[in-house]
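The values are calculated or read from the model by the stated rules, or taken from the named source; none is laboratory data. Model, not experiment: these values are computed from the prediction. Cβ placement follows ideal geometry from the backbone for every residue including glycine, while neighbour counts extend to all protein chains displayed. Calculation scope for accessible area: heavy atoms of the full protein, side chains included, ligands and nucleic acids excluded. Shrake-Rupley method; radii C 1.70, N 1.55, O 1.52, S 1.80 Å.
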Amino acid sequence: MKIGILGSGNIGGALGRTWAAAGHVVMFSGSRDQAKLEGLAQQAGHGASWGTLEEAAAFGEVVLLALLWPQVLEALPRLVPVLEGKILIDASNPLTPDFVHLAIGHTDSGGETVARQLPGVRVVKAYNSVGANIIGSASKQFGNVTAPTLFFCGDDAGAKQTVAELIAASGFEPFDVGALSTARFLEPLEQLWVEILKSGIQQEFILSLLRR
Ligand SMILES: NC(=O)c1ccc[n+]([C@@H]2O[C@H](COP(=O)([O-])OP(=O)(O)OC[C@H]3O[C@@H](n4cnc5c(N)ncnc54)[C@H](OP(=O)(O)O)[C@@H]3O)[C@@H](O)[C@H]2O)c1
């Protein structure tokens, strides 16, 4: 599958490399540093390339949104025509500029805001509350669990099926938590993740579901 990566930082870099290793063809974009994009494409291999946000959005059958919130709001309006009909995985969190609070929450979410800005785009929220270090790690093992659950939500069943396959390809068990409005609960998980980190534990943890 051809995947456009909007935002090639911690999350975009880790997911792009992971999906390329699983056989997908990725195009990185969104860095201010061209050499960084070139390096990422080289590391990822499997035909990976780099370009502008518009080029990556046009390239992908599926497009990953992994920009910081101010850049999400700035970039989306000009990407509307090129993204129409595509699947967009929204991994972003609508954080305030100081990264301390959610700018949107309780009765709305970043995921829904993104979907409203992109009419006709099949938005699926995923990967927003898992550390980039875990995504980029070859092993996803935690105790006896080899593929921890990764939550996703959206309103388009076909898009969710495709995203579930990409989640599985990245080493997680996809776990569908419902409609896109459930992003109202997934986005605060990122804040919980930050609070847990403040306890002094290392980043080698995941917010996941255990069943028995
Ligand atoms: N980090 C995580 O573990 C994690 C986990 C889950 C979800 N998320 C979410 O995923 C999104 C991306 O997070 P990230 O940690 O991957 O972000 P990041 O590494 O800081 O950067 C993401 C992208 O934005 C660009 N960028 C950074 N600062 C910029 C600025 N001031 N102006 C213009 N472009 C800028 C970066 O390019 P440059 O090379 O130019 O810096 C990069 O392409 C966020 O919405 C975050 O909440 C992050």
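The table that follows gives values for the structure above.
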item: Matching residues in the range 26-44 - criterion: being open to solvent by 50 Å² or more (accessible area, probe 1.4 Å) and either more than 8 Å from the ligand (Cβ to nearest atom) or not in a helix (DSSP H, G or I) (or both); result: Arg32, Asp33, Gln34, Ala35, Glu38, Gln42, Gln43
item: Residues being among the β-branched types (Val, Ile, Thr) and under 16 Å from Asp90 (Cβ atoms) - total across the range 159-204; result: 5
item: Selection within the range 85-103 - modelled with pLDDT of 95 or more, surrounded by 13 or more Cβ atoms within 10 Å (Cβ to Cβ) and part of a loop (DSSP other than H, G, I, E, B); result: Lys86, Ala91, Ser92, Asn93, Pro94
item: Candidate set from the range 157-212 (those that are in a helix (DSSP H, G or I) and of a type in the set (Val, Ile, Thr)); member that is farthest from the ligand (Cβ to nearest atom); result: Thr162
item: Whichever residue in the range 47-78 is in contact (Cβ under 8 Å) with a residue 60 or more places away in the chain and more than 9 Å from the ligand (Cβ to nearest atom) and, among such residues, is surrounded by the fewest Cβ atoms within 10 Å (Cβ to Cβ); result: Glu61
item: Selection count, the range 1-17, where residues are open to solvent by less than 80 Å² (accessible area, probe 1.4 Å), within 13 Å of the ligand (Cβ to nearest atom) and either over 17 Å from the mean Cα position of the chain (by Cα) or not small (Gly, Ala, Ser) (or both); result: 4
item: Some residue of the range 126-139 being surrounded by 19 or more Cβ atoms within 10 Å (Cβ to Cβ) and assigned to a strand (DSSP E or B); result: yes
item: Selection from the range 13-46 of residues that are under 24 Å from Ala159 (Cβ atoms), touching a strand residue (DSSP E or B) at 6+ places or on another chain (Cβ under 8 Å) and either free of Cβ contacts under 8 Å to residues at least 60 places away in the same chain or aliphatic (A, V, I, L, M) (or both); result: Leu15, Gly16, Ala20, Val25, Val26, Met27, Phe28, Ser29, Gly30, Ala44, His46
item: Hits in the range 99-134 - residues which are farther than 16 Å from Val177 by Cα, away from the ligand (no atom under 13 Å from the Cβ) and without any contact (Cβ under 8 Å) to a residue 60 or more places away in the chain; result: Arg116, Gln117, Leu118, Pro119, Gly120, Val121, Arg122
